[in-house]
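These notes are about the structure you will find just below.
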Amino acid sequence: MLRWCIPAILAAGTAMGADFSDPDWPCIQRKQPHLSLGQVWSGPLPDAATEELARGPAIQGLAQELEQRRLPVEEAEGRIARFAADHEPQELVALYVATFERIESVRNRVMAGITRYAHSQEALDRRINAARTEMGQLMAAEDKDFDRIDALEEQLDWDTRIFRERQQSLTYVCETPVILERRAFALGRAVTQHLPK
């Protein structure tokens, strides 16, 4: 189980407020392992023909553009509107299916990366705690090994700095799945505006 138990870091307020119902999930945000189309899409459910259309090169090309977070949602909406002007409703649904699948694929990679990140932090936490234990033993010894004490102090300073920097980065990293979910929802809404009522 991932536990962040470095007293100095906890005291500094950099501990994660994770939900430990999933020990591999370090984020404050509740873990949603997978998105389903129904969570972000209020349009018609795709059938086999729509899914076949979604694999077409033109739709895949536009879906690839829409999925990119560097493309502002407002610009994405404009591209969707231009596509809608000369395509059938089924092709619009196919466009959203292709876009959703791409966003979900990116989100899955991000989620896996967050878990790896958490495991890396756990390993670093163990290393810091082991160094602290050794430091305590060395300081309690009658014949002190000052070379080893100095080396441990340097290692602890370095590892603690890395741990803190990673913890600060984690706030942004943990927001990424939420950002992707919002994008999927916003693009779904943009597509449904061009579908028959």
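For this structure, a couple of remarks:
- Scanning the range 119-138 for residues that are surrounded by 11 or more Cβ atoms within 10 Å (Cβ to Cβ) and farther than 28 Å from Val173 by Cβ yields a count of 3.
- Extreme residue, least open to solvent (accessible area, probe 1.4 Å), among residues of the range 68-86 that are within 14 Å of Ala190 (Cβ to Cβ), of a type outside the set (A, V, I, L, M, F, W, C) and free of Cβ contacts under 8 Å to residues at least 60 places away in the same chain: Gly78
- Within the range 184-195, at least one residue is of a type in the set (S, T, N, Q) and either under 30 Å from Pro44 (Cβ atoms) or open to solvent by less than 100 Å² (accessible area, probe 1.4 Å) (or both).
- Taking the range 66-119 as the range and being part of a loop (DSSP other than H, G, I, E, B) and among the polar types (S, T, N, Q) as the test, only Gln68 passes.
- Candidate set from the range 1-42 (those that are small (Gly, Ala, Ser), at pLDDT below 50 and not in a helix (DSSP H, G or I)); member that is nearest to the chain's Cα centre (by Cα): Ala18
- Condition met for Arg127 (in contact (Cβ under 8 Å) with a residue 12 or more places away in the chain and among the basic types (Lys, Arg)): yes
- Residue list for the range 19-38, filter: in contact (Cβ under 8 Å) with a residue 40 or more places away in the chain, of a type outside the set (A, V, I, L, M, F, W, C) and closer than 30 Å to Pro196 by Cβ: His34
- Residue list for the range 48-65, restricted to those being loosely packed, with under 12 Cβ neighbours inside 10 Å and either among the charged types (D, E, K, R) or assigned to a loop (DSSP other than H, G, I, E, B) (or both): Glu52
- From the list Arg107, Arg116, Arg161, the one residue that fits, being exposed (fewer than 13 other Cβ atoms within 10 Å of the Cβ) and either closer than 19 Å to Asp22 by Cβ or hydroxyl-bearing (Ser, Thr, Tyr) (or both), is Arg116.
- Subset of the range 99-122 [more than 21 Å from Leu37 (Cβ to Cβ) and touching a helix residue (DSSP H, G or I) at 6+ places or on another chain (Cβ under 8 Å)]: Gly113, Ile114, Tyr117, Ser120, Gln121
The values are calculated or read from the model by the stated rules, or taken from the named source; none is laboratory data. Every value quoted in this text rests on a predicted model; they were computed, and no experiment measured them. Don't worry about glycine lacking a Cβ; one is built from the backbone with ideal geometry, like all the others, and counts go over all protein chains shown. All accessible areas refer to the heavy atoms of the entire protein, side chains included, with ligands and DNA or RNA removed. Shrake-Rupley method; radii C 1.70, N 1.55, O 1.52, S 1.80 Å.
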